[in-house]
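Let me begin by presenting the structure, written as structure tokens, before commenting on it.
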């Protein structure tokens, strides 16, 4: 098993030399970001989104988090209206949530950058669950024909913002696969009303 | 821009300089971004990408250069091997110090970063954090007890308004920020909040409620948005009246400022240290990466500089090698660019001076060669237009040069025989054997100068050739040899003879014919006057004497007339004629009574028409037949044979007529002079018959000769060449003689 999170001094000393090996190496506990389920429906001048995402950090990223490095998680949306030749993108939105560890209290603090709201959680999983759960998020968009919801569809993905990491960590984050946390774009249909 | 121009541009110095500058700037910015990430951190990844791409581009360019030079070396292009060797040396010189500096820098960097992290500091921070937590735990317990005490009595409040007032009092009394009373299932009963903006109080989570239901107390420190700490305490309130429901009191209060500040300080220090400790590896990687990029860029720029400087250094040598090769290939006007003033520049200048000198020498040589060529052409022109034939032979007797007149005179194409020896020429042209033998003899005996006259029987019949030979002086290139100049004097000799005989005839006619008539008249007068005065015996003597005088005078007259006719000038009148037909016509005259000889004709049917003067050839036939008949006089079995045949040889064709008889043959001592006037064995005749035959045959360009047959009789052969047309034109100006002299 190859891991850079082992609290081993010797390893840390020679970490730069083995880091290139991480290009091909994979951690035993791999992290993964996944959009599990999403519901989207039309409201007045908005698309309302409720989503459930699986956000799991690998050991490497967990170690970074508990070492005090804040992680920025981006949830990106894009709403399209279908056309016969080329779908039109009606808008694009990004929700940014920062998770960081508070060593003194042992809590994980989640700050939603868009609203400024901050909450703390006793465990990392709860914190990530909180980030990965969207409840009726409103995406303001001009709806031309609400009756025909088939015309609209939503693209969504969740990813970790590598560029928000400290500069020295960025090359590693770009090169090492445990840091490649990206759900890829998922496509969801937009309904006319919320599912019961 | 064409592809070749683009390639030349890319392989030039401009892309390298631009790339190098870009890389230096990028790496400087990258370094700044790594050191001051809070300011330039956002550009770090982009700069890293640009640096990597730039370095790869530089590597590709260098690889292209090296590949091209390897190709040039394999193709054997001059200077490429030296250039590669120089580049190798330069690169080696650059790599060694760079590698040393790189290694030391990496070691220094590792040790430097490791030295930031002291174990004791880490431990102290951990201890401080633990102390902070312990201290806060004590505060928490004390606060819980305090809340429990303050909550006493709240279970007795029944009305909602009283409850709100009681909570307000409690909050103000204890200094809480928020006090909330909730039912056991988490519903809010009453609440008091320091911040009136917060209408809805925070409810405890389900897990907290669950723990309370189990009789536990929940107290925890939570960081607020401004990074201060807030204490959340949730306790159950058990009423004294068991019938009353259990309630839950949630209290939020900020940690005392002293604790908050200390906690915040410990938290920040610990977090920062842990963060740095974690980033130690990536930090090293980042620095090593930057250092590696800088080193690599330095190395690549050094390699690039090595390529250009090696090229610049070897360019004059390459030019010199190229120039030398050009000179060896005859390009003597090659000039090299004189760009430097160092030793190589001096060498280039010397080379240019040398080629200029060679060029001048070459120009002089070419001019001299041209003059020689002009002279040779002039000489050739003179020789070509010379009527005399000129042949030159080397010491071994091989034909070296000739002019066109030589071939014209000898009637053979000698140009194709250049290089042939005289022996081979003899074999090829047997009719010219006497001519070549004379030359061979002169060469064999190394006669310095000679002059001779030979007779050959060629395509035009008998030719008299006068030739003069001179031995050439030997030189280094030419080992001597002979020059032979010759002329065809056949016509000249013939004309001289004709003129001589004409003069004789004219003299005879003039000097002899004039006194003959007075002699004859005088004899007749003597006879007339004296006949009657003499007796009979004397009359007979006189009569006989005067008759003899008259007869001899007549005879002399006819002889003089014959000479007169021989000398008389008359133009030839050639025409296309059949010789066989002429022979048959003439022979017919010699058949019949009075002609005892049997005439046999053996005529060649292939005989072509020839261009000849019919009347003259008739006279030739008459003379020959008369001679033959006279020669056979007294023979019992007289036989005359006339043969004609058409002969085609390699370079000539002719018609041959032979008259054979079975008489006594020619006297051997006369055979050599048979065709001269006054040479005869007959009692009668003036000795002009065969002379006339010879003259007519020669006028036709032919040849005639006589010989005795083996056994009995004689033969007389006439050869008439087929190209009489040419011969006739040559003879147009020649005088000819005709006559009906009987031999």
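Only the coordinates and a few stated rules stand behind these numbers; no lab work does. What you see is a predicted model; the values in this text were computed from it and never measured. Neighbour counts are summed over all protein chains in view; Cβ atoms, including those assigned to glycine, are modelled from backbone coordinates with ideal geometry.
Take the alpha-carbon centre of the stretch A:46-90, take the same for the stretch B:288-365, and report the distance between them in whole Å. First find each Cα centre; the distance between them is then 64 Å. Per-residue shielding of A:98-108, expressed as the average number of other chain Cβ atoms within 10 Å of the residue Cβ, stands at 5. Between the Cα long axis of helix B:433-444 and the first principal axis of chain B there is an angle of about 70°, rounded to the nearest 10. With the convex hull constructed from alpha-carbon coordinates only, the protein assembly as shown shows a mean projected area of 86.1 nm² over all directions. For chain B, the convex hull drawn through the C-alpha positions has a volume of 394 cubic angstrom per residue. By the Kirkwood approach, averaging reciprocal distances over each pair of separate Cα atoms, the stretch B:137-274 gets a hydrodynamic radius of 15.8 Å. Counting only DSSP beta bridges whose two residues both lie in chain B, roughly 95 percent are antiparallel. Legend: P(r) of the stretch A:61-100 from all alpha carbon pair distances, 10 Å bins from 0, whole percents, reading 26, 28, 20, 17, 9, 0. For the stretch B:51-100, the share of alpha carbon pairs falling in successive 5 Å distance bins from zero is 5, 19, 18, 23, 19, 11, 5, 1 percent. Helix-only arithmetic for chain B: the sum of -39500 (n - 2.57) across DSSP H runs with n ≥ 4, divided by the residue total, places the mean residue ellipticity at 222 nm at -19000 deg cm²/dmol.
Shielding value for B:271-278 is 6, the average number of Cβ atoms from other chains within 10 Å of each residue's Cβ. Measuring max minus min along each principal axis, the C-alpha atoms of the stretch A:108-196 give extents of 51, 31, 21 Å (largest first).
Principal-axis analysis of the Cα atoms of chain B puts helix B:13-35 at an angle of about 10° to the longest axis. Note on residue B:325 and residue B:385: the model spin-label points, each 7 Å out from Cα along the C-beta direction, lie 5.1 nm apart. Full extension of the chain segment joining residue B:709 with residue B:544 gains 55.0 nm, where the gain is 0.36 nm per residue of separation less the Cα-Cα distance. Per the Kirkwood formula applied to alpha carbons, the stretch B:163-219 shows a radius of gyration over Rh ratio, Rg over Rh, of 0.99. As a ratio to 2.2 N^0.38 Å, the alpha-carbon radius of gyration for the stretch B:96-202 is 2.13. With distances taken between every two different alpha-carbon atoms, the stretch B:495-567 has a Kirkwood hydrodynamic radius of 13.6 Å. Fully extending the segment from residue B:646 to residue B:357 would add 97.0 nm, taking 0.36 nm per residue of separation and subtracting the current Cα-Cα distance. The label-point distance for residue B:464 and residue B:169, in a model that sets each label 7 Å from Cα toward Cβ, rounds to 18.2 nm. Considering all alpha-carbon pairs of the stretch A:29-191, what whole percent are spaced by more than 24 angstrom? It works out to 39 percent of all Cα pairs.
Report, to the nearest 10°, how far helix B:490-507 tilts away from the longest principal axis of the Cα atoms in chain B, using its own Cα long axis and a range of 0 to 90°. The two axes meet at around 20 degrees. For the stretch B:137-274, the relative contact order works out to 24 percent when only alpha carbon pairs closer than 8 Å and six or more residues apart are counted.
Directionally averaged projected area (the stretch B:386-484, Cα convex hull): 5.8 nm².
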